[in-house]
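Have a look at the structure below, then the notes.
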Amino acid sequence: MTLRPWHDEAWQRLQARRQRDALPHALLLAGPAGLGKREFLTAFVQGLLCQNPHDGMPCGECRSCHFFVAGTHPDFVRLSFGLRKDGVQRSEIVVDQIRELSQRLAMSSQFGGWQVATIDPADAMNAAAANALLKTLEEPSTATLLVLVADAPSRLPATIRSRCQRIDFVAPSPEESLAWLTAQGVRDPSAALLAAGGNPGLAQAWAADGALKQRSEVRGDLQALATGRGDAVEMARRWQGADPARYLWFAAQAATDELRARAEGRKPPLDSALSDEALDDWYGLANRARESLRGPLRADLVLLELLAAWH
Ligand SMILES: [Zn+2]
């Protein structure tokens, strides 16, 4: 089990609290996907339950570690999206799940140590679930730890956030990211890191799955539209069929690069006829379109509207 280099500081701080017997009852691991929150979480929780940890890291060999790795540790609950009665996975965490969790945490530990529960993604709790969790947070039992994981912590109620010790995961410096990507065997780490907006975990995943090609594809499409070639309907269909959220991320990024090139007096790569102000608006439109993919709107219409506004 390895932590990412940029986890060091938060890890040491948390282990120091553990040694002082001063762990909080609730932790919130917050920050964008791709920075290793879940690896951190797993190492920390397994290390907390382990009977023979070294510097907080689990030994991997004791009875507790075996149960943990098998997913059957009696003092560990992992809460995520449950199933509806018809067997379909829910898209939110609901109040019954939180009530059940609270009952379970109220019972005593089977191994005589900590009882730990994780809620991931915590920002997917609906209002009733968050309310129920608040009660649990207000009356913590001893030797229980709740760990909330959220890519978008601002979606959590402030009342929940304020009762958790928060650990923020932020992207490390470009130098540290590039060194890590190189060590992971990523072939063109600079291009991958640029595409992923400086997020090394995303860069690693994207370098492996063809995202860099999609990035060029988006730029090619926008340039074709700007120069009067290309068919927005066909593009919208193609973007939708692949990974619309990622295409929209790259579209917004392309608009920023176009603006930056103009400001720096370089030849703008996309030949857009939009004014600076209109480009800036279009950037906002692309980001809102990405957000709206989560909602009930049809993705093809959202994409088409955006592409129609590009010149
Ligand atoms: Zn162990």
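Note on region 210-310: with neighbouring protein chains present and a 1.4 Å probe, carbon and sulfur make up 53 percent of its accessible heavy-atom surface. When 86, 123 are compared by accessible area at a 1.4 angstrom probe, the order from most to least is 86, 123. Annotation: per residue accessible area for region 210-310 equals 52 Å², rounded to a whole number [probe 1.4 Å, protein chains only]. Beyond 20 Å, what share of the Cα-Cα pairs of region 210-310 remains, rounded to the nearest whole percent? Value for region 210-310: 30 percent of Cα pairs lie more than 20 Å apart. In order along region 34-51, phi translates into HN-Hα couplings of x, 9, x, 4, 6, 5, 4, 4, 4, 4, 5, 5, 4, x, 6, 7, 4, 8 Hz, rounded to whole numbers, per the Karplus curve 6.51 cos²θ - 1.76 cosθ + 1.60 with θ = phi - 60° and x for Gly and Pro. Packing order of peptides 231-237, 23-29, highest average first: 23-29, 231-237 (average count of other Cβ atoms within 10 Å over each peptide's residues). The packing ranking of peptides 107-114, 63-70, highest mean first, is 63-70, 107-114, where packing means the average number of other beta carbon atoms within 10 angstrom of each residue. Share of carbon and sulfur in the accessible area of region 1-114 stands at 48%, probe radius 1.4 Å. Taking 0.36 nm per residue of separation and subtracting the Cα-Cα distance, full extension of the segment from residue 154 to residue 84 would add 22.5 nm.
Can you tell me which of 53-60, 41-48 comes out highest on packing, and rank the rest after it, using the mean Cβ neighbours within 10 Å?
Ranked by mean Cβ neighbours within 10 Å, highest first: 41-48, 53-60.
Per residue of the chain, the DSSP helices (runs of n ≥ 4 H) give a summed -39500 (n - 2.57) that works out to -16000 deg cm²/dmol at 222 nm. Here the 3J(HN,Hα) profile of region 92-107, calculated from phi with Karplus coefficients 6.51, -1.76 and 1.60 at θ = phi - 60°, is 9, 8, 10, 4, 4, 5, 5, 4, 4, 4, 4, 4, 5, 5, 6, 7 Hz, Gly and Pro shown as x.
Structural descriptor for the chain: relative contact order 16 percent, calculated from alpha carbon pairs under 8 angstrom and at least 6 residues apart.
Computed from backbone phi, the HN-Hα couplings of region 21-28 come to 6, 10, 5, x, 7, 9, 10, 10 Hz, rounded to whole numbers (Karplus: 6.51 cos²θ - 1.76 cosθ + 1.60, θ = phi - 60°; Gly and Pro given as x). In this structure, the amide hydrogen of residue 311, modeled 1.01 Å from its nitrogen in the peptide plane, lies closer than 5 angstrom to those of 273, 274, counting only residues at least 5 positions away or on a different chain.
Scanning residues 5 or more positions from residue 148 or on other chains, those with amide H under 5 Å from its amide H are 27, 28, 29, 119, with H placed 1.01 Å from N in the peptide plane. Over region 5-168, accessible surface divided per residue gives 51 Å², non-protein components excluded, 1.4 Å probe. Spatially, region 179-219 and region 52-125 are offset by 33 Å when compared through their Cα centroids.
Under the combined filter of DSSP loop state and at most 10 neighbouring Cβ atoms within 10 Å, region 246-311 retains these GluC sites (Glu not before Pro): 264. If only the Cβ of Lys and Arg carry +1 and only the Cβ of Asp and Glu carry -1, the dipole of the chain around its Cα centre is close to 620 debye.
The values are calculated or read from the model by the stated rules, or taken from the named source; none is laboratory data. Fair warning: this is a prediction, and the values are worked out from it, not measured in the lab. Methodologically, a virtual Cβ is constructed for each residue, glycine included, from the backbone with ideal geometry; neighbour enumeration extends over all protein chains shown. Keep in mind that these areas ignore ligands, DNA and RNA; they rest on the heavy atoms of the full protein, side chains included. Shrake-Rupley method; radii C 1.70, N 1.55, O 1.52, S 1.80 Å.
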